[in-house]
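Colleague: Next up is a structure, given as structure tokens.
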Amino acid sequence: RGFPGRMGGASRPSGAGLPGQNGAGLPGQVAPAGSRAGQRRAGMVQRDPGMAQRDPGPAAGAGAAEVRLSRRRWAVLVLFSSYSLCNAFQWIQYGSVNSIFVRFYGVSAFAIDWLSMSYMLAYIPLLFPVAWLLDRKGLRLIALAGAALNALGAWVKLGSLKPYLFPVTVLGQVICSLAQVFILGMPSHIASVWFGSHEVSTACSVAVFGNQLGIALGFLVPPVLVPNEEDVEMLAYHISIMFFMTAGVATALFILVIIVFKEKPPHPPSRAQALIQSRPTEEYSYVQSILRLFRNFNFLLLMVTYGLNTGCFYALSTLLTRMVLSRYPGQEVNAGRIGLTIVLSGMAGALISGFWLDRTKTYKQTTLVVYIMSLVGMIVFTFTLNLGHLWIVFVTAGSLGFFMTGYLPLGFEFAAELTYPESEGTSSGLLNVSAQIFGIAFTISQGQIMDNFDTTSGNLFLCSFLFLGAIMTAFIKADLRRQKANLDNEQT
């Protein structure tokens, strides 16, 4: 659950000047000054002073831009992960105790499912307006808006502690769903703007890690804080504790965003980012950037396959409690723990994937293997859910989560490679639109299949689409443009 756009003041190129091109007058053309080892120790791209006289245009100083990592980058990353965590927690907090909220508000299970699906639905129409805002106003405003809406939604929910106030809790959840439009696609964008080429995939994984940890806590905490009480007044009291805690944390994080979050570091963290920031702003056209992405066949394949995989994850997360309770009645707490197991193992998978990509740069191979293993994990989970042994479900769910959730940062980073020098927020945003569309379709369809047939049929429905996605992933060509840009400029 990216959105398009770019960092304020960081312009994007038009179709010309793709990575690897070092023609005259482009920022990537630099002359060696001293030994290459000396350049690396200096941590900057150097330039022959005479060249500046021959090339006095707007890009003249780009080659001399100092490449340096900011110590603030980790604070920005952890803060983003934290308010992303809080927003993801609010996404799943109703679904993990679905039956309790059904009884408290006197509505159908489908109505409670829509509290989670509102996140997916809100993202689709709001992606492009938020992208325009990011393009015009920059990264800091987007961070402030995301954290502020997240806190506002949490406080609105505190006004829904009576059974007849279901519309108020819907309003609070809709506000939180607006916040996630400002949050969901930012991991690859923040990683590229703040982190060096040797750590960008790891940073993206850590950013995704926060969102997944929020989902994990959303499975774990609500069943503990909101026990299945018969007394409505006591149930309202337990729900109020959960809502108060969430609102307090969300407000504290918003205050920290105001204090800590900056637009960009003082110096570009990589040569690829220096090239992007050096281009004149007037060269960038957001509409043309979108059109170029839709002409990129490899990216279109990735967009569909990412949507299929992540849409299956959304459907599984939303309907997991119903799946488990259909086979193990009265096991609400263990259903939440199974969801926690899926997400925690997926967080480990995401971090391992990030480390692996930073060291090997094998984007295509890693993505394909993880996709195939997601399919295998889903098949095994489907046929072990009915065995009557909860410990087996914990094991198979953990294996599924390791690969299915671990795939999320892989998709963001592979898209950034395939689409450079376009904005990482643009590519991530389109991936997330695909995920929301498939997520809504899969959640509704699987829910109907489970109601009219059984849980196994619903899970086999998801398996069929994961199989299709694995085949399509095999046809994606590994055109790693961002890596080529970094290597070409380092050699120059």
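The values are calculated or read from the model by the stated rules, or taken from the named source; none is laboratory data. Because the structure is a prediction, the values reported are computed rather than measured. Just so you know, the surface numbers come from the protein's heavy atoms only, side chains and all, with ligands and any DNA or RNA stripped out. Shrake-Rupley method; radii C 1.70, N 1.55, O 1.52, S 1.80 Å.
Colleague: Ranked from the most accessible area to the least, with a 1.4 Å probe and all protein chains present, what is the order of GLU199, GLU230, GLU413, GLU332?
Modeller: GLU230, GLU332, GLU199, GLU413
Colleague: Provide the per residue accessible area, probe 1.4 Å, for segment 69-265, rounded to a whole number of square angstrom.
Modeller: Counting only protein heavy atoms, the per-residue value for segment 69-265 is 34 Å².
Colleague: How much accessible surface area, in Å² rounded to 10, belongs to the heavy atoms of TRP356 with a 1.4 Å probe?
Modeller: Rounded to the nearest 10, that gives 130 Å².
Colleague: How would you classify segment 288-364 from its alpha-carbon gyration tensor, with a ≥ b ≥ c the square roots of the eigenvalues: rounded for a/c under 1.5, else prolate if a/b is greater than b/c, otherwise oblate?
Modeller: Oblate.
Colleague: Just tell me which lysines come within less than 18 Å, Cα to Cα, of LYS364; anything on the same chain fewer than 8 places away is out.
Modeller: LYS477, LYS484
Colleague: Would you list VAL369, VAL376 from the most to the least accessible area, probe 1.4 Å?
Modeller: Most to least solvent-accessible, the answer reads VAL369, VAL376.
Colleague: A follow-up question, please. Using only the heavy atoms of the protein chains and a 1.4 Å probe, how would PHE297, PHE453, PHE80 rank by accessible area, largest first?
Modeller: Output order, biggest surface exposure first: PHE453, PHE297, PHE80.
Colleague: What's the carbon and sulfur percent of segment 181-220's accessible surface, probe 1.4 angstrom, rounded to a whole number?
Modeller: 79
Colleague: Quick one: accessible area per residue over segment 286-491, 1.4 Å probe, rounded to a whole number of Å²?
Modeller: With the other protein chains kept in place, segment 286-491 gives 35 Å² per residue.
Colleague: If you don't mind, another one. Ignoring any ligand, DNA or RNA, what whole percent of the accessible area of segment 286-491 comes from carbon and sulfur when the probe is 1.4 angstrom?
Modeller: Accessible surface attributable to carbon and sulfur in segment 286-491 totals 70 percent.
Colleague: Please compute the Cα-Cα pair-distance distribution of segment 69-265 with 5 Å bins starting at 0, giving whole percents from short to long.
Modeller: In order of increasing distance, the bins hold 1, 8, 16, 20, 19, 13, 9, 6, 4, 2, 1, 0 percent.
Colleague: Taking a ≥ b ≥ c as the square roots of the eigenvalues of the Cα gyration tensor of segment 73-148, is the shape rounded (a/c under 1.5), prolate (a/b larger than b/c) or oblate?
Modeller: Judged from the Cα gyration tensor, segment 73-148 comes out oblate (a/c at least 1.5, b/c at or above a/b).
Colleague: Could you give me the ³J(HN,Hα) list for segment 224-241, computed from phi with Karplus coefficients 6.51, -1.76, 1.60 and θ = phi - 60°, whole Hz, x at Gly and Pro?
Modeller: Residue by residue, segment 224-241 yields 7, 7, 10, x, 7, 7, 7, 6, 5, 5, 5, 5, 4, 5, 5, 5, 5, 4 Hz.
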